[in-house]
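Shown next, in C-alpha cells, is the structure this report addresses.
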Amino acid sequence: MHDHFRVQARSQGDARIVAVSGELDLVAAGSVEEQLNAALESGAELIVIDLANLEFIDSTGLSVLVRAHQRAQDASLQLGLINAGAQVERLLNLTGLTERLTLSGSPPDGVTDD
C-alpha cells in the first residue's frame, strides 16, 4: 500500500462517511472498495465519499466510485461525493461522471467535516 494513501470510514447519524486521501489508483483501489462495500452494508441510509485530501485518481479509482454508486442505487441508498479538488473534479467532468454521480462542494445537512 502507498505510504501516501489512506482511507478512513466513520458513522455520523444515518450517514457513513468514507474519506479518501492521497492517490486512488490500482494499488489503493481494493482498500477503498472494501471500505465502500462495508459502508453500503452498514445499514446507513447515506454514503458520503469525502475527497478533500484526494490528490490523484486513475481509471481504476473511477471504476471503484462507479461500482459503489451502482450498488447504492440497486440498494435504494444515497451515495454522494464531496470536497473534490479541482484536478479530481476536472477528471470527473471529462469522463462524464459528474452527470452520473452526485458531487457537492460541501457535506449534506447533518454531516460535518471532521
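Details
- Unit charges at the beta carbon, dipole of the range 1-65: most positive-side option, 30, 15, 59: 15
- At least 20 Å along the helix axis (C-alpha) and Kyte average at least -1.0, DSSP helices within the chain: 26-40, 59-74
- Just so you know, the averaged projected area of the alpha carbon convex hull for the chain sits at 6.3 nm².
- Dipole magnitude of the range 1-89 about its Cα centre (Cβ charges: Lys, Arg +1; Asp, Glu -1), debye to nearest 20: 180
- Contact order normalised by residue count of the chain, Cα under 8 Å, 6+ apart, percent: 24
- Entry note, the range 1-58: relative contact order of 42 percent, from Cα contacts under 8 Å with a spacing of 6+ residues.
Laboratory data are not the source of any read-out in this text; all were calculated from the coordinates shown. Being a predicted model, the structure only gives us computed values, none of them experimental. When we count neighbours, we look across all protein chains shown, and the Cβ atoms used for this are built from the backbone with ideal geometry, even at glycine.
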